[in-house]
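Down below is the structure, laid out as structure tokens.
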């Protein structure tokens, strides 16, 4: 089982400790490209693949994503057939 598969399994378990870095690694492995929305974007980061946007607020000072963010990403990736 590769790193991508391990991250998918971890994400599917709806973890409380899924970090932004893990999410970025997973989305990149799934073919998403990271876009910072310009100098005024602050902590907002967009990942896009073939018209599928995922917008996150990069957490700070913590590293873990919030529960609602993890659920939204699970729903989006499941709906698009990526996980």
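The values are calculated or read from the model by the stated rules, or taken from the named source; none is laboratory data. Just so you know, these numbers come straight off a predicted model, no measurement behind them. Neighbour counts are summed over all protein chains in view; Cβ atoms, including those assigned to glycine, are modelled from backbone coordinates with ideal geometry.
One table, with the values for the structure above:
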item	result
Residue 75, sole failed condition from (1) out of contact with any helix residue (DSSP H, G or I) (no Cβ under 6 Å at 6 or more places or on another chain); (2) within 22 Å of residue 3 (Cβ to Cβ)	(2)
For residue 82: the one exception among (1) at pLDDT below 85; (2) out of contact with any helix residue (DSSP H, G or I) (no Cβ under 7 Å at 6 or more places or on another chain)	(1)
Residue 28 being loosely packed, with under 15 Cβ neighbours inside 10 Å, under 10 Å from the mean Cα position of the chain (by Cα), outside any strand (DSSP E or B) and at pLDDT 90 or above	yes
Count of residues meeting criterion [surrounded by 11 or more Cβ atoms within 10 Å (Cβ to Cβ) and either touching a helix residue (DSSP H, G or I) at 6+ places or on another chain (Cβ under 6 Å) or under 12 Å from residue 19 (Cα atoms) (or both)] in the stretch 58-71	9
Residues of the stretch 41-62 that turn out to be under 17 Å from residue 28 (Cβ atoms), in a loop (DSSP other than H, G, I, E, B) and modelled with pLDDT of 85 or more, as a count	1
